[in-house]
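Remarks on the structure that follows.
Taken together, the values in this text are just the output of simple stated rules run on the coordinates, not laboratory data. The structure presented is a predicted model; accordingly, all values stated were derived computationally and were not measured. Quick reminder, even Gly has a Cβ in these numbers, built from the backbone with ideal geometry, and neighbours come from all protein chains shown.
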Amino acid sequence: MGRTGRKRAHKNAPSQALDHHESAVNLRRFMSRNGFNDESDLKLRNFPQTGRGVAAWRPLHENDVIIRVPFHLLITYATLTSSNFPRLFVPTSKLTIHDLLAAFLVLQRHKTNSFWSDYIDSLPPEPPWLPALLSEERTELLPVDLKLAAKKSRRSLEESWSRLARSIRSDWTCGCCGKNADRVIDLHSFIWGYVLVNTRAVYVDPETIRGECDRATDILSDEPCMALCPFLDMFNHSDDAATRAEFVRHEGQLFYQLTTLTGSKKYRQVFISYGGHDNVKLLTEYGFFIPGNCYDSVPIQVEEVFQVLKLVLDNSRYKFVQKHGLNKSLFISEAGASFNLKALLFVASDTSETKNLASVVYNDSYPESFVKSTGRMCHKLLYFHAEKLQSVLKILQDLELDSLVIDFLRYRLDLMKKLCDNKQ
Ligand SMILES: C[S@@+](CC[C@H](N)C(=O)[O-])C[C@H]1O[C@@H](n2cnc3c(N)ncnc32)[C@H](O)[C@@H]1O
């Protein structure tokens with residue numbers, strides 16, 4: 001099925017209503033009690049392709065507001081500092097906004113009478129699965145780009161946990177049950193909070209947040225640029241959606257507002273954009289991928305170019321590649337070789353002793369013979385990758401690795417074959 005066909009099927013698939021579920025009813029009541037007005041007639045539904053998401057019972061046109069959430073319904077740095085939450089930490093602590101939001105979520109889930117209970121109950125009881133949760137041994141088996149991304153997010157998670165564990169006061173006890181901190185925030189509950197913040201937090205303007213803080217604490221080590229936004233965090237992502245998120249003043253009150261730049265049809269799922277992410281980013285940060293994602297490509301390692309195509313660089317050309325960073329951002333997509341890959345292939349394969357390499361590369365004035373041969377070179381690189389991936393897939397399937405990773409790698413193999421066919 002083509003990209004357009006795939007999108008159409010994706011958006012027309014029948015969905016199931018979720019609005020009558022207790023947690024959804026309570027979330028609505030909580031939002032309405034606190035000044036939320038649903039002008040787009042939004043419905044929570046379960047969609048076959050994406051799981052839980054939001055549909056609108058009215059058409060949304062370009063530049064329509066999808067949702068406008070009152071500021072005090074967001075969990076921001078201002079929320080954290082206006083409560084006694086900072087007392088959980090030793091005063092010299094240095095924690096990121098991600099660390100703090102994760103700990104706050106865990107604490108609110110534990111509390112019996114939290115103001116946020118209805119929101120917390122609307123969150124997935126189990127966090128989405130991310131490749132960062134794979135064992136180190138299994139991570140090593142992944143293709144290099146996915147392996148590096150998984151390792152990086154695993155490191156962030158481990159560092160966050162070690163910062164929190166160091167910073168929580170040993171004499172802190174919970175106000176509702178008297179338990180010590182380590183019995184309220186343990187590694188398991190922390191992972192739930194951390195992954196939910198990772199997959200659901202929105203970017204917020206730190207200046208606005210600072211302006212809304214009544215009390216200052218200096219435990220924050222980065223910018224207060226992440227926040228959790230009830231109901232708004234129910235929207236799923238699509239690579240062809242475009243949205244604008246911002247703080248606005250409306251009738252004298254501050255709101256976090258999401259505007260659609262693409263529109264959507266009545267009764268259909270409303271998708272938003274989490275950013276122009278490729279599938280490795282979506283998989284490692286959010287735990288899903290989109291077949292046919294328009295931002296997707298096949299990454300190529302610089303060593304592979306020389307190994308597979310049997311090319312060598314003399315000293316001056318090596319320096320040229322280094323100076324212009326042509327050994328990075330190498331990939332092949334539906335549009336062909338990336339700018340840097342094309343340039344590297346030219347610099348490494350040119351036998352006509354071109355003097356002004358920069359002029360050819362930056363004016364895109366490649367000789368016709370080279371342009372003709374790039375398709376063949378890309379085909380060889382893709383073929384090499386497909387063969388390698390096929391054997392990795394076999395090992396991972398035998399190990400019964402998480403099915404999401406297997407599905408992603410199968411999809412990538414198909415993408416390589418498709419790109420290979422384009423290059424024939
Ligand atoms: C901000 S939440 C969106 C709401 C979420 N589906 C829920 O039920 O709470 C982000 C998470 O939704 C899921 N998600 C978002 N967009 C998706 C998509 N296009 N396909 C599949 N899952 C998606 C992923 O699990 C992601 O981590």
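Structure notes:
- Compared with the dominant Cα axis of the chain, that is its longest principal axis, helix 187-200 is turned about 70°.
- Simple label model, 7 Å out from Cα along Cβ direction - Thr208 to Ser114, nm: 2.4 nm
- In loop segments of region 329-424 as defined by DSSP, the GluC sites (Glu not before Pro) with at most 13 further C-beta atoms inside 10 Å of their C-beta are Glu334, Glu353, Glu400.
- Here the simple spin-label model places points 7 Å from the Cα toward Cβ, and for Phe384 and Asp240 these points are separated by 3.5 nm.
- Relative exposure of Met31, Met377, judged by other C-beta atoms within 10 Å (fewest first): Met31, Met377
- Summing Lys and Arg as +1 and Asp and Glu as -1 over all other residues whose Cβ lies under 15 Å from the Cβ of Ala17 gives a net charge of +2.
- In a fully extended conformation the segment linking Glu140 and Ile395 would gain 90.6 nm over its present Cα-Cα distance, using 0.36 nm per residue.
- 0 to 90° range, to nearest 10: angle between helix 339-349 axis and the chain longest Cα axis: 30 degrees
- FRET E, pair Gln322, Arg166, Förster distance 51 Å, beta-carbon r, rounded to 0.05: 0.80
- Contact order, relative form, for the chain: 18 percent (alpha carbon pairs under 8 Å, 6 or more residues apart, mean separation divided by residue count).
- Pairwise FRET efficiency - Ser373 versus Asn63, Cβ, R0 = 56 Å, nearest 0.05: 0.75
- Computed E for Asp414/Gln307 - FRET, C-beta separation, R0 35 angstrom, nearest 0.05: 0.90
- Under 29 Å of direct C-alpha separation, and excluding same-chain neighbours fewer than eight residues apart, Lys323 reaches these lysines: Lys147, Lys151, Lys152, Lys281, Lys310, Lys342, Lys355, Lys372, Lys380.
- Mean residue ellipticity (222 nm) of the chain, computed from DSSP H runs ≥ 4 via -39,500 (n - 2.57), nearest 500: -14000 deg cm²/dmol
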